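The values are calculated or read from the model by the stated rules, or taken from the named source; none is laboratory data. The shown structure was predicted, so the numbers you read here are calculated from the model rather than taken from an experiment. We place every Cβ from the backbone using ideal geometry, glycine too, and count neighbours over all the protein chains shown. Accessible surface is based on the protein model in full, side chains and every heavy atom, while ligands, DNA and RNA are left aside. Shrake-Rupley method; radii C 1.70, N 1.55, O 1.52, S 1.80 Å.
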Amino acid sequence: MEFVTLEREDADEKGAIAVNVTAPASAVRQILGDFYETVARSKGLPADAAWDDVDAAVLRTMAPESYRELKRDFAVNLIVSEALRELGITPALTPKIHVLEYPSPDEDYAVSLSVVEQPRITLSSYEPVTVHADLLEVTDVAVASRVAEVLDRYAVYEDAEARPVAMGDTVLLDMDTQQGDKIVPHLSGKHRTLTLEADAMPKPFLDGIVGMEPGETRTVEFAVPRPRAISKDDVDRYLSTVTVLGQQRKVEVELTDDWVRAHYPSVADVAGFFEETRKDVAFDIDALNRDTVAHLANVELEKRLVGDIPDAFYQASYQNLMAKFEADLERQGKTVDDYYEQEQTNEQELSVKLLIQSGEGLKQGFALEALFDGRGMSVDDADVEDAGRRFFGEGAGSLDDLRRSGRYKLALSMAKRARAMAWLVQTATVLPEEA
C-alpha cells in the first residue's frame, strides 16, 4: 500500500512509539470493497452486490452505530497492519489507536496510534542460581497430623445434653449477620456447627452468645478493628441475630484395622494406613519444596535483569491480573465488594497488592524468557500445545487452533518460560537459610 503520510516518532519515556499514517482514497476504496464482499457473502448475497443492498441486509439485524464501527475497525486494522509492516515494527502489546472519522471511499483516511515493541532484555549471567531455604522434611509429627486431619473428616456430630452455651462448647446455630444493610456471608448461615474457640469467630461475637440456652434467639452487636486501624474508633460494626439450635458432641473415629479396611479397601491395616499417609505427605512436601525453590530461584534470576521494561507492560500486566481476579471471584459467585468485606480490605489496598504482584510477575517472566534465549533452549510443538492447555484450558486445541484464535504467541511464551523454569529449579544450589 502506498501511503499519503507514514511517520513515526522515537519512543517516549514510557516506551511507546507514536505512528501517524494516512491511507489514500484509492486504498480506502479497495479496503471497503473487500469489506463489502466479505459481508455480502455472509448475508447470502453475491460478492459484487451493490453496497447499498449489503447495508440494507445488515441493518435489518444490526444497529447502525455498531455497523459503522465494524466497518471502521475493518479498515483501521488493515491500514495499521500495513503501516507497521512497512515501518518494521512488531507490537508486543495491542496498539492504542486513535481515529476521529469513519472511512469514506472518496477521501484519504488518517489514523494515529501508539505502539510498544518487545523490550530488549538480557541477563548479567546465565549460570545457575543459589538460593537459601530451609526445606520441609517428612516427620512423624507431620504424618500424625495428616492422619488426624483425615480422621476428623469422618467425625460426626450428634445432639448433646442441653445446657447454657460456654466457651469450648460445640453448638448448632442459625446466624444472620449484617453490616449496615448488607448481609455478611461468612458470618451468616443456617445450621452452622461452631466450636467456641479463640479465632473461630470474632471474640465480641463469642462473648455475645456465651450463656444462651438452646432454642434462644439473641441479637448481638459487635465491632471488629479494621486492618491497620489508626484509632480505637476505626472499626467495622456488625449486627447478628443468632438462634442456638442445640448443643453438639463430636464423635471421633477410632482408628482400627477394621475401620481402615472398610474405608480404604486397598490398605490392609493401621500400619499400612500410616505408610500410605507418609507417601502422601512426602508427595505434598516435595511439591511445596519445588514451589519454594522455584519462587526463590526466579527472584534471584530477576536480579540479573539488564534493560528497561516500558511502563505500558506494567499497566497491561496489572489490568490482566485484575481481570483474572474479578473472573475468579465471578466463578465463585462473589463480587469485589464481597471480597473487600471477607478480607477486611478496601479498593486501594487491593490495587496496591495486585500492582506489586503484577510487577513481580512481569519482571520474572521477562527474566525467564531471557534465560531461555541466552542459553539457547528450545521447545517443540507438543510443548506449546501443552502450555496452551494449561493456560487456556483443555479446549485450547491444536497449534492451528491456537493460531486461529490468536493465542499461539502467548502459548509459545508460556512454553518457553516453563522450559526455563524447569532448568532453573533443576540446577539451583539450595543452601540453608542464613542465620
inquiry  = Take Gln364 and tell me if it is under 30 Å from Val430 (Cα atoms) and surrounded by 12 or more Cβ atoms within 10 Å (Cβ to Cβ).
reply    = yes
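Inside the range 348-401, can you point out the residues that are among the hydroxyl-bearing types (Ser, Thr, Tyr) and part of a loop (DSSP other than H, G, I, E, B)? Working first, answer last.
Here is the first cut: in the range 348-401, the residues among the hydroxyl-bearing types (Ser, Thr, Tyr) are 351, 358, 378, 398.
Answer for the range 348-401, where residues must be among the hydroxyl-bearing types (Ser, Thr, Tyr) and part of a loop (DSSP other than H, G, I, E, B): Ser378, Ser398.
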remark   = Of (1) within 24 Å of Ala92 (Cα to Cα); (2) within 20 Å of the chain's Cα centre (by Cα), Lys353 satisfies every one except (1)
request  = Look at the range 253-295 and say how many of its residues are open to solvent by 50 Å² or more (accessible area, probe 1.4 Å), touching a residue at least 12 places away in the same chain (Cβ under 8 Å) and over 19 Å from Asp152 (Cβ atoms).
outcome  = 5
task = Mind checking which strands (runs of 3 or more DSSP E) fall wholly inside the range 76-147 and carry at least 1 residues that are under 30 Å from Asp286 (Cα atoms) and out of contact with any Ser or Thr (no Cβ under 7 Å at 6 or more places or on another chain)?
result = 130-132
task = Taking the residues in the range 300-324 that are part of a helix (DSSP H, G or I), open to solvent by 40 Å² or more (accessible area, probe 1.4 Å) and of a type outside the set (D, E, K, R) as candidates, determine which candidate is farthest from Gln179 (Cα to Cα).
result = Tyr314
ask   = Pairs, please: C-beta under 8 Å, at least 6 apart or cross-chain, first residue closer than 16 Å to Asp380 by Cα and in the range 392-406, second in a loop (DSSP other than H, G, I, E, B) and among the small types (Gly, Ala, Ser)?
value = Gly397/Ser405
request  = Check off (1) among the hydrophobic types (A, V, I, L, M, F, W, C); (2) open to solvent by less than 90 Å² (accessible area, probe 1.4 Å); (3) in contact with a helix residue (DSSP H, G or I) (Cβ under 8 Å, 6 or more places away or on another chain) for Phe391 and give me the number that stays unchecked.
outcome  = (2)
inquiry  = Residue pairs, Cβ under 8 Å, 6 or more apart or interchain, first in the range 85-103 and farther than 14 Å from Ile17 by Cα, second part of a helix (DSSP H, G or I) and open to solvent by 50 Å² or more (accessible area, probe 1.4 Å). List them.
reply    = Val99/Arg72; Tyr102/Arg68; Tyr102/Arg72; Pro103/Arg72
message = What's the number of the only condition in (1) closer than 25 Å to Pro91 by Cα; (2) in contact with a helix residue (DSSP H, G or I) (Cβ under 7 Å, 6 or more places away or on another chain); (3) outside any helix (DSSP H, G or I) that Leu412 fails to meet?
response = (3)
ask   = Only one of (1) closer than 30 Å to Tyr340 by Cα; (2) in contact with a Leu (Cβ under 9 Å, 6 or more places away or on another chain) fails for Leu245. Which number is that?
value = (1)
key: the range 179-203 - residue that is farther than 25 Å from Asn346 by Cβ and of a type in the set (S, T, N, Q) and, of those, surrounded by the most Cβ atoms within 10 Å (Cβ to Cβ)   = Thr195
ask   = Has the range 204-226 got at least one residue that is open to solvent by 50 Å² or more (accessible area, probe 1.4 Å), part of a strand (DSSP E or B) and touching a residue at least 40 places away in the same chain (Cβ under 8 Å)?
value = no
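Out of everything in the range 124-150 that is without any contact (Cβ under 8 Å) to a residue 24 or more places away in the chain and open to solvent by 70 Å² or more (accessible area, probe 1.4 Å), what residue ends up being farthest from the chain's Cα centre (by Cα)? Write out each step before concluding.
If we filter the range 124-150 for residues that are without any contact (Cβ under 8 Å) to a residue 24 or more places away in the chain, which is where we start, we get 127, 139-141, 144-145, 148-149.
If we keep only those that are open to solvent by 70 Å² or more (accessible area, probe 1.4 Å) too, we end up with 127, 140-141, 149.
Numbers: Glu127: 31, Asp140: 36, Val141: 34, Glu149: 29 Å.
Top of the filtered list is Asp140.
So which residues in the range 212-237 are at pLDDT below 90 and either closer than 21 Å to Leu196 by Cβ or acidic (Asp, Glu) (or both), if there are any at all? Break it down stepwise before answering.
Initially, the range 212-237 is screened for residues at pLDDT below 90, giving 222-237.
Once the filter is applied, which keeps residues that are at pLDDT below 90 and either closer than 21 Å to Leu196 by Cβ or acidic (Asp, Glu) (or both), the range 212-237 yields Phe222, Ala223, Val224, Pro225, Asp233, Asp234, Asp236.
What is the residue count in the range 240-252 for residues that are open to solvent by 30 Å² or more (accessible area, probe 1.4 Å) and not basic (Lys, Arg)?
Filtering the range 240-252 for residues open to solvent by 30 Å² or more (accessible area, probe 1.4 Å) gives 241, 243, 245, 249-252.
Among the residues that remain, those that are also not basic (Lys, Arg) are: 241, 243, 245, 251-252.
Residues meeting the conditions: 5.
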Pairs, first farther than 17 Å from Gln348 by Cα in the range 310-322, second of a type in the set (Val, Ile, Thr), C-beta under 8 Å, six or more apart = Pro310/Val116; Ala312/Val116; Phe313/Val116
